[in-house]
Amino acid sequence: MSATVPYFGKAWKLTVTPQATGEEWTVSASQWEPEALRCTFRIEQLPLARWWTADIVITNFLPALAPTIKAGDAVSVTAGYQNPGSGVIFQGVVFQPLWERANETDYTLTLHCLVGLWDQNGPTVSTVIPANLSPANAVALVAQAGGVPIDYIDPSLASAPANPRGTSFAGPASLYFAQTAATNAMNFWMSWKGVVIRSLAPQGSTPDVIYAPPYAPATAASGATKYTLIGTPEQVEDGLMFRVLLDYGASLGQLVQISSAVFKKLALYPGQKVFIDPDGIYVVVGITHRGDTRGNEWYTEIHGATRALAKMNAVMAF
């Protein structure tokens, strides 16, 4: 049945890699059902120069094993469905583990996790940036000096105006990344793959993904359509918030289209502008994954900004 029915059965895997051993340890996985430990999670991804976060709660984790998970240990969460599959929705480090007795029979271990530079400023860098070096190459130079991996640098930075004079930079690597992003009207954040500097302005008008309710008729672009929309999208000040079945493929900067003309309207005060795209196309500027391996929660909440406002959304410097 799972081979033919889409979005059939939850699939997940939670692993921890202690610094002391460097050996990956599977804490819970759907393959172990019905014996798998119950896990709940809330994972947030935002286009800000701050951490992405995850709160992961493990029920009835052995108290004797709880102290083996410490701050700085690596954590990975894979989630999705038996069909069409699952993927990584979080990779980061434990910021604070909290063990407690929830009631007479249950214990919980909560892992407050972060992804990004371990502290707010990241590694301190002292380097010389040669004259006429493009912003893209300058970012790569600072990243290399700080030992920070690169996930994605907007291609336009390769041809952006370069400083005709050589300069020196001394300070947190994240400060340089944030300054470069702000100077070029872009966003900076840290994914689990490394630093990202990119524009959230839409690069075209063709959506990467179309989200539709399950009863919607198939379209010519059915290959790009996911019939996973849950409930009714809700208007927010800069666009829409909507929920879909848990989607590990959702990513910041994606251009998505809502195949539904119905949404909950925001109560507007006199003179307030309405930022609703007439074509239902939005740029993803926020993602929250929520899941409960023994409960009903198993969805992704997406914040979509209208194309006119997406470029302005969340540009930030330290």
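Each value in this text was obtained by applying a stated rule to the coordinates, not by laboratory testing. Just so you know, these numbers come straight off a predicted model, no measurement behind them. So basically every Cβ, Gly included, is an ideal-geometry build from the backbone, and we count neighbours across all protein chains shown.
A few notes on this one:
- Rounded FRET efficiency, nearest 0.05, which uses the C-beta distance separating Ser251 from Thr59 and R0 of 22 Å: 0.15
- This model, with +1 at the C-beta of Lys and Arg and -1 at the C-beta of Asp and Glu, gives segment 110-237 a dipole about its Cα centre of some 260 debye.
- Cβ-derived FRET efficiency at R0 30 Å, Val128 paired with Ala71, nearest 0.05: 0.30
- The stretch between Lys193 and Thr232 holds 10.7 nm of extra length on full extension. This uses 0.36 nm per residue minus the Cα-Cα distance.
- Per the Kirkwood formula applied to alpha carbons, segment 83-241 shows a radius of gyration over Rh ratio, Rg over Rh, of 1.09.
- Sum of -39500 (n - 2.57) over DSSP H runs of 4+, divided by residues of the chain (222 nm, nearest 500): -2500 deg cm²/dmol
- Taking the fewest neighbouring Cβ atoms within 10 Å as the starting point, the ordered list for Tyr282, Tyr81 is Tyr81, Tyr282.
- Residue with peak Gaussian network fluctuation, the chain [Cα springs, cutoff 10 Å], from Asn83, Asn132, Asn296: Asn296
- In terms of its alpha-carbon gyration tensor, segment 1-149 comes out oblate; a/c meets the 1.5 threshold, while b/c is at least as large as a/b.
- Cα gyration tensor category, rounded, prolate or oblate, for the chain with a/c compared to 1.5: oblate
- Contour excess over end-to-end distance, with Cα ends at Arg42 and His112 and 0.36 nm allotted per residue: 24.2 nm
- Simple spin-label estimate for Glu297 and Ala216 in nanometres, 7 Å along Cα-Cβ: 2.6 nm
- Gyration tensor (alpha-carbon) shape descriptor, segment 62-151, a/c threshold 1.5: oblate
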